[in-house]
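Have a look at the structure below before the remarks.
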């Protein structure tokens, strides 16, 4: 007579019947312990949905990761300036020294409005017409803009506390009906050291649009 | 479960099969399993406060978790004791086995045990329902603005990589690499994915659960991360609310001739997909939370939010929707505790926005969508357990009343 584990076949099958729930459960408890392959074919697909808008094709990394639009202004910054990603109200954005920053903005208003806005950030009164006319003019983006300087306690007006010992140097110009501003702010000594570089950078600026 | 009634039978006379069977169907195992489940539930409830619900559920009750070390363990000299507990899934599995063997197979069969048997069937059904839900249920959310239509839900956690061909500015078919094939591709591991009808393969590596593409100009890499086109993946600690995690990975294309492209970054935190060209064909490659197309469209007509007076405690959120399927429209209302069940899907009213919207401002409604084959099983099992207990109670009551009646007759 055939024996399995010391039992007759029928007795063995009876035992196995008793334990069949255990075996079934163990099979359920070891689901898909597969070793993942190093290469596989993807079979799953889905159709277009209401969440799939027309894609922006050939987006740059800045556009993909920062949603940045190509800057309408191009410049050739000095080597010691660190290029930062553009952000809202800063078409070009740079950092230098310990705390200095320089950026290019396309602003609204007039040249005078923007000069006085910068003055207010240093607690200065608005310039008179005569003072405005006396501002030095320097080349910027194929035209001429006014050179503005200020020093003292700087309050950017963006909620940040006022910082003493700061200086400003910048250029404001009307280019093609738009107001182009190039502003440099930082510690007085750092700004003083970068003034000439700023002027050279301003001269090389170009409006792409 | 059946109480041992054969206490006179010496244990050493039993076959090994019988001993195992007695152990698996015994009261002791049932008691230990239930106590363990109580302990695991209590520890998980406390732990999810700091670690979030999803990771804690995975740690305590996933089938992948054979054992676990709870956070809340006693310390000796500032060192945590290595306390190991079995995973809740397997405790439930043992309890299920115990209930089948002891509560259904081994139990004495007779009219008086019918109630118990029904209750045990109810518990078995409930445990099976838990297993089915664990393995086969899906969850996602759908946000729809007033006046707009949606036909898709988004998974809460799973990030996938999608490849699609662009034809006339549109993508009709998306090839989806599921998250389960990506999450193990941590540093040093990679996998190649081939797609039917796509003339290149993707090699994906360096998967991170939560990361953002950082510009090396903004913040230079500190851990020697790989930089691609001025960006690198900066790892971020996992969020407690894990649905806020943004997965990311590195990838490269492999042409049919085996040529590999420069690596590129795929990340959940992106605004636009990567576009690649193969000959005159254009493809997009993207990483995003998995989209789950619905078999019908949902149009939100109006959303109404009522709060208890003077509080931000919700009293009632109501979404008046139109379900559009094959050109047929059905007007329905989904509100808190009154979901819409249709075609195996359940739409719960989950959230809304924008928070603090002024009267008249357009709002959107968020539905949690659940596909669970065992959706109603717990309810049915509770009915079965309650019915079984009622039968047991009535059987006992009948027996007691009968015995009392006989006793009175004998006394008279």
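Taken over the stretch A:61-78, the residue count meeting the criterion of being within 14 Å of another protein chain (Cβ to nearest Cβ), modelled with pLDDT under 85 and assigned to a loop (DSSP other than H, G, I, E, B) is 4.
Yes or no: residue B:31 surrounded by fewer than 17 Cβ atoms within 10 Å (Cβ to Cβ), away from every other protein chain (no Cβ under 14 Å) and part of a helix (DSSP H, G or I)? Considered against the rule, which asks whether it is surrounded by fewer than 17 Cβ atoms within 10 Å (Cβ to Cβ), away from every other protein chain (no Cβ under 14 Å) and part of a helix (DSSP H, G or I), residue B:31 comes out as yes.
Can you find a residue in the stretch B:120-138 that is more than 30 Å from residue B:30 (Cα to Cα) and more than 10 Å from chain A (Cβ to nearest Cβ)? The answer is yes, given that some residue of the stretch B:120-138 is more than 30 Å from residue B:30 (Cα to Cα) and more than 10 Å from chain A (Cβ to nearest Cβ).
Against the criterion of being assigned to a strand (DSSP E or B) and loosely packed, with under 13 Cβ neighbours inside 10 Å, residue B:330 qualifies. Across the stretch B:256-275, the number of residues qualifying as closer than 14 Å to residue B:164 by Cα and modelled with pLDDT of 95 or more comes to 3.
Residues in the stretch A:121-135 that are in contact (Cβ under 8 Å) with a residue 24 or more places away in the chain and closer than 14 Å to residue A:148 by Cβ were compared, and the one that is nearest to the chain's Cα centre (by Cα) is A:121. Contact map, the stretch A:79-102: first residue touching a residue at least 24 places away in the same chain (Cβ under 8 Å) and within 14 Å of chain B (Cβ to nearest Cβ), second residue surrounded by fewer than 15 Cβ atoms within 10 Å (Cβ to Cβ) and part of a loop (DSSP other than H, G, I, E, B), Cβ cut-off under 7 Å, separation 6 or more or different chains; pairs are A:96/A:80.
Which of the following residues is under 22 Å from residue B:195 (Cβ atoms), away from chain A (no Cβ under 14 Å) and either in contact with a strand residue (DSSP E or B) (Cβ under 6 Å, 6 or more places away or on another chain) or crowded, with 20+ Cβ neighbours inside 10 Å (or both): B:206, B:279, B:268? Sole residue among the options that is under 22 Å from residue B:195 (Cβ atoms), away from chain A (no Cβ under 14 Å) and either in contact with a strand residue (DSSP E or B) (Cβ under 6 Å, 6 or more places away or on another chain) or crowded, with 20+ Cβ neighbours inside 10 Å (or both): B:206. Residues in the stretch B:189-199 that are surrounded by 21 or more Cβ atoms within 10 Å (Cβ to Cβ) and more than 11 Å from every other protein chain (Cβ to nearest Cβ): none.
Counting only strands (runs of 3 or more DSSP E) wholly contained in the stretch B:236-312, the ones carrying 3 or more residues that are more than 30 Å from residue B:365 (Cα to Cα) occupy B:248-255, B:274-278, B:281-307. Residues in the stretch B:172-220 that are free of Cβ contacts under 8 Å to residues at least 12 places away in the same chain and under 30 Å from residue A:79 (Cβ atoms): B:218, B:220.
Residues in the stretch B:162-179 that are more than 9 Å from chain A (Cβ to nearest Cβ) and under 27 Å from the mean Cα position of the chain (by Cα): B:179 alone.
The values are calculated or read from the model by the stated rules, or taken from the named source; none is laboratory data. Everything numeric in this text was worked out from a predicted model, so none of it was measured. Glycine also receives a Cβ, built like all others from the backbone with ideal geometry; neighbour counts cover every protein chain displayed.
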